[in-house]
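**Q** Please read through the structure below; I'll follow up with questions.
The values are calculated or read from the model by the stated rules, or taken from the named source; none is laboratory data. Bear in mind that the values here come from a model prediction, so they are computed numbers and not experimental data. FYI the Cβ positions are ideal-geometry reconstructions off the backbone, even for glycines, and counts take in every protein chain you see.
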Amino acid sequence: MSNTIEERAAEFAIQPSYHALGGEFVRPPVETLRALLDAFGIPPEGPPPDRAPPVMRAPEGEPCFLPEGEMRLWGIAAQLYQLRSGRNWGIGDFADLCALARIAGAAGADFIGLNPLHALFLANPAHTSPFSPSNRRFLNPLYIAVDRVPGYRDELAPEGLDRLRAPDLVDYPAVAAAKLGALWRLWMEGPDDPVGFMRFCTEGGELLRRHALFEAISAKMVADEHGAGWRGWPVELQDAKSPAVAEFAEAHAEDIGFHYWLQWIADRQLGEARDACRAAGMKIGLYLDFAVGEVPDGSSTWSDPSLAVSGLRIGASPDWFNAQGQDWGLAPLSPVKLADLHAAPFGALMQDATRRAGALRIDHAMGVWQLFLIPDGMGAPQGTYVRYPIEDMLRVLAEASRRNRTIVIGEDLGNVPDGFRELMARMNILSYRILLFERHDHGYIAPEHYPREALVCLSTHDLPTFRGWWRGDDVAIRREFHLISEEAARQQGEFRWTERRQLLEDLARAGLMGWDEIDRIGPEDPPEALLVAVHRHLARTPSRLLAVRIEDMAGEVAPVNVPSTVDEHPNWRRRLGVPLEALADTALFRGIAGAVAAERPRESP
């Protein structure tokens, strides 16, 4: 019998203390531990659990899939919405993805990395973050290429498409209105393959039915001035099994069928993109992203409320980038339920995610071992870590990876527990290494010292583009939005001068730039030759995979996303300045692609 609340929390893998990213020892408030126990349905007193606490170890003989051979491949990482073309409807779509596959394949790339394609809220298109999904099992229908749907004709296009295509930012509400209006008319004409559609609906089972039902209710609720999320609905509709929901389903069968059909069309078009990658000679093809959680009022938590824990949000402890920590507003899966079910629900998610992917990136991969959870009414500094049944989590992940021959990449950034990366290596889960973070006391880690079992890149969606980093825009943005203090901003700005100089000297020593050349490069905008050289430098690592951001290949400056901001910055909305039709002809794209392909030539079939 435990004597203190700290001991009681520890019995159920709630950490009464933890080491932060900077190494400092942190004890969360007792109120945090009480709130976590309450959220998991654990009384403050009672017998200990009838299972051993989780231990960080791998399951016996069950690593993830990795192809045989050397496999030093590269690919292009893109946010699908940001693709600009002369035919899309103001947002990148699955047809644009097919076009990008042809461009990337011709340049020698073996995969296209994408933002999460999870379902958001069709009834609230202003909810734009792909990392805050409503349901990770299903796709975002706004990525459907309407003009590629069977039966489409030009008369279905709304007026003003040019006004949707022109802006630098995606107008999600306008895009949703245009696409859903045309798609509804196509739906009313009937599926082009009724047998295939019915098979898809049957295979999707109860979870697909509930997702379609959720979307139909959500649309009606928004029309009636309620919220898109279920917590803003009348009480009688908040329970998916209620009589009121059954009555709604009976009265709105056509609307529900529409959302079934949208998922079918999206799945087919994503399949066409996979085929386009294969036709372009890519060995991996689509490299998809899997978010760490789902919003608490979305389709997933409404469809199966037993798996998610209410009253808690996933986040991150305070660190160098954000002194206040991060609150991602996502509902965690219950570690208690996952332990009881030997991680079977997580395994079902992984089977579905890997079915669509040649490679899958697990956002915040440490979540298979622990998540930083914040009780409602508290901020990130009051949160703490909770452990998950890692052995079962890894076992079901490996089973899905092997079944679908999907390479797994774990985003192991931030506060990585001791021993976690070694465990990933034993499981054939590739590490995720970013050049800007790979440093030692005297500068950047040399390319030859990168791990082989890793994906490497310059930066990622939560970090600045290379041009933005070089100019120090990210430091200015963190200061402007009060994510760091004035003193921290001053120190980071001064250190950026050191980082730039060290990187230039590395390139000169590697023979990628001349010493006289680097002496002429200032802190303003970097020349294209520098972008080409730094990508070639990174391509020389022994790491199995290299991802090149399309933003850097297109010469973008502004960041895709500024973590811990919502409306302060146009996150997840910015489109590329270069259209797909012109991308492969730009000097910067040719320079970067050519340099990387020279270091990582495509392997023979």
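**Q** Tell me the strands (runs of 3 or more DSSP E) entirely within the range 242-353 that contain at least 1 residues that are surrounded by 19 or more Cβ atoms within 10 Å (Cβ to Cβ) and among the basic types (Lys, Arg). Outline the logic, then answer.
**A** Values: elements: 285-290, 312-316, 326-330.
Ranges flagged: 312-316.
**Q** Scanning the range 520-548 for residues that are of a type in the set (D, E, K, R) and closer than 19 Å to residue 598 by Cβ, which turns out surrounded by the fewest Cβ atoms within 10 Å (Cβ to Cβ)?
**A** 528
**Q** Also, quick follow-up: Please indicate, with yes or no, whether at least one residue in the range 45-61 is assigned to a helix (DSSP H, G or I), in contact (Cβ under 8 Å) with a residue 12 or more places away in the chain and under 28 Å from residue 306 (Cα atoms).
**A** No, the range 45-61 contains no residue that is assigned to a helix (DSSP H, G or I), in contact (Cβ under 8 Å) with a residue 12 or more places away in the chain and under 28 Å from residue 306 (Cα atoms).
**Q** Which numbered condition trips up residue 357, out of (1) under 27 Å from residue 6 (Cα atoms); (2) part of a loop (DSSP other than H, G, I, E, B); (3) at pLDDT 95 or above?
**A** If we test residue 357 against (1) under 27 Å from residue 6 (Cα atoms); (2) part of a loop (DSSP other than H, G, I, E, B); (3) at pLDDT 95 or above, just (1) comes out false.
**Q** Please indicate, with yes or no, whether at least one residue in the range 439-456 is among the aromatic types (Phe, Trp, Tyr) and in a strand (DSSP E or B). Talk me through it step by step, then tell me what you get.
**A** We begin by selecting, within the range 439-456, every residue among the aromatic types (Phe, Trp, Tyr); these are 444, 450.
Checking which are in a strand (DSSP E or B) leaves us with 444.
So far as the range 439-456 goes, yes, one or more of its residues are among the aromatic types (Phe, Trp, Tyr) and in a strand (DSSP E or B).
**Q** Sort out for me the helices (runs of 4 or more DSSP H) sitting completely within the range 501-605 that have 3 or more residues that are charged (D, E, K, R) and without any contact (Cβ under 8 Å) to a residue 40 or more places away in the chain.
**A** Those helices (runs of 4 or more DSSP H) span 515-519.
**Q** Can you name the residue in the range 476-517 that is within 31 Å of the chain's Cα centre (by Cα) and of a type in the set (Gly, Ala, Ser) and, of all such residues, is farthest from residue 447 (Cα to Cα)?
**A** Among those that are within 31 Å of the chain's Cα centre (by Cα) and of a type in the set (Gly, Ala, Ser), it is 485.
**Q** Here is a follow-up. Within the range 67-110, can you find the residues that are outside any helix (DSSP H, G or I) and basic (Lys, Arg)?
**A** Step one: list which residues in the range 67-110 are outside any helix (DSSP H, G or I), which gives 67-79, 83-93, 108-110.
Selection gives 72, 84, 87.
**Q** May I ask you to say which residue of 154, 168, 162, 147 is within 22 Å of residue 562 (Cβ to Cβ) and either in the same structural domain as residue 204 (by TED's automatic domain parsing) or surrounded by 15 or more Cβ atoms within 10 Å (Cβ to Cβ) (or both)?
**A** The match here is 168.
**Q** Under the condition of being assigned to a loop (DSSP other than H, G, I, E, B) and in contact (Cβ under 8 Å) with a residue 40 or more places away in the chain, which residue from the range 414-430 is surrounded by the most Cβ atoms within 10 Å (Cβ to Cβ)?
**A** Applying the first criterion (assigned to a loop (DSSP other than H, G, I, E, B)) to the range 414-430 yields 414-419, 427-429.
With the extra rule that they be in contact (Cβ under 8 Å) with a residue 40 or more places away in the chain, the set shrinks to 414-417, 419, 427-429.
Values: 414: 15, 415: 17, 416: 16, 417: 16, 419: 11, 427: 22, 428: 17, 429: 28.
Of everything passing the filter in the range 414-430, 429 is surrounded by the most Cβ atoms within 10 Å (Cβ to Cβ).
**Q** Of all residues being hydrophobic (A, V, I, L, M, F, W, C) and under 28 Å from the mean Cα position of the chain (by Cα) in the range 18-62, which is surrounded by the fewest Cβ atoms within 10 Å (Cβ to Cβ)? Just the residue, please.
**A** 55
**Q** Pairs please, first residue from the range 198-215 and basic (Lys, Arg), second anywhere and part of a helix (DSSP H, G or I), Cβ atoms under 6 Å, 6+ apart in sequence or on different chains.
**A** These pairs meet every condition: 210/303.
**Q** Condition first: basic (Lys, Arg) and either surrounded by 20 or more Cβ atoms within 10 Å (Cβ to Cβ) or within 16 Å of residue 463 (Cβ to Cβ) (or both). Now tell me which residues in the range 480-514 satisfy that.
**A** If the condition is that a residue be basic (Lys, Arg) and either surrounded by 20 or more Cβ atoms within 10 Å (Cβ to Cβ) or within 16 Å of residue 463 (Cβ to Cβ) (or both), then 496, 500 are the ones that fit.
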